Amino acid sequence: MRRGFFITFEGGEGAGKSTQIRLLAEHLRADGHEVIETREPGGSPGAEAVRHVILSGAAEPFGPTLEAILFAAARLDHLEQIIRPAIARGAVVLCDRFVDSSRVYQGVTGGIDNEFMTALERVTVAGTMPDLTLILDLEAEEGLRRATERRGEAVADRFEKEMLEIHRQRRDAFLDIAARDPERCVVVESSAPPDDVARQVSEAVRRVMEKRLVQENGKAEDV
Ligand code: TYD
């Protein structure tokens, strides 16, 4: 069976990841691919249970290290139960957030030690890195505006500056990941209309699929 593809979507809140995943899934299904749409934290029954613990805030009093381990525990289960079996049977897995979110939210703005994050990543991801990571990039001001609008909450002025600074740090951290790993990551400017963003996303996916074909043909010629 031909190996499938693992594609992750990353970026700050309000960057439009879920819309883009939906549009790409439609496009790929129309082309005859089996597509799995999933998300982190969550995606498998075990990981969804952990998601509930994390996002309800129940783990917050126990500190950022425990939270980082919970994100990793959810990821381990999600990889074992859903992602690896789907890739093995040839499906295209579209995942809303993955390990880059841990690197950014826990490792950079969460202040967790780099060595600890690297060790955690090694034992959970265990080599199953995405074939392609689409980083939906948005100016921090716009991301914050969309995120607060979506939550329907007003942000007190004294928090606004602090939140903007965190959004900036996260944006820079995602861009830094992309710059260090250009083979895997593609940055897509996501302030454009969703259809334009979707075209750039599809183009990046097409390139990755073509590259695989070329590699496979190369190998076939070698034998
Ligand atoms: P979610 O409601 O799925 O939001 P979003 O639309 O922004 O993806 O919440 C997921 C939250 O969890 C989000 O704030 C990012 C955070 N997160 C981490 O801190 N670390 C991680 O490893 C992952 C996967 C998510």
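The values are calculated or read from the model by the stated rules, or taken from the named source; none is laboratory data. Since we're looking at a predicted model, the values are computed, not measured. As a convention, Cβ positions derive from the backbone with ideal geometry for all residues, glycine included, and neighbour counts pool all protein chains shown. Please note that ligands, DNA and RNA were not included when accessible areas were found on the heavy atoms of the full protein model with its side chains. Shrake-Rupley method; radii C 1.70, N 1.55, O 1.52, S 1.80 Å.
If I go through region 17-36 residue by residue, how many of them are within 14 Å of residue 134 (Cβ to Cβ) and either assigned to a strand (DSSP E or B) or open to solvent by 70 Å² or more (accessible area, probe 1.4 Å) (or both)?
The qualifying residues number 3.
Take residue 206 and decide whether it is surrounded by fewer than 11 Cβ atoms within 10 Å (Cβ to Cβ) and at pLDDT 90 or above.
no
Conditions (1) under 28 Å from residue 139 (Cα atoms); (2) at pLDDT 95 or above; (3) of a type in the set (Gly, Ala, Ser), marked per residue:
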position	(1), (2), (3)
1	no, no, no
8	yes, yes, no
14	yes, no, yes
26	yes, yes, no
33	no, yes, no
36	no, yes, no
57	yes, no, yes
68	yes, yes, yes
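Can you report the number of residues in region 39-71 which are more than 11 Å from the ligand (Cβ to nearest atom), in contact (Cβ under 8 Å) with a residue 24 or more places away in the chain and not in a helix (DSSP H, G or I)?
The total comes to 1.
Tell me which residues, restricted to region 16-38, are among the basic types (Lys, Arg) and either farther than 16 Å from residue 86 by Cα or in contact (Cβ under 8 Å) with a residue 12 or more places away in the chain (or both).
17, 22
Would you call residue 78 within 11 Å of the ligand (Cβ to nearest atom), in contact with a strand residue (DSSP E or B) (Cβ under 9 Å, 6 or more places away or on another chain) and more than 29 Å from residue 142 (Cβ to Cβ)?
For residue 78, the condition - within 11 Å of the ligand (Cβ to nearest atom), in contact with a strand residue (DSSP E or B) (Cβ under 9 Å, 6 or more places away or on another chain) and more than 29 Å from residue 142 (Cβ to Cβ) - is met.
Identify, by number, the condition in (1) at negative phi; (2) touching a residue at least 24 places away in the same chain (Cβ under 8 Å) that residue 85 doesn't meet.
The single condition residue 85 does not satisfy is (2).
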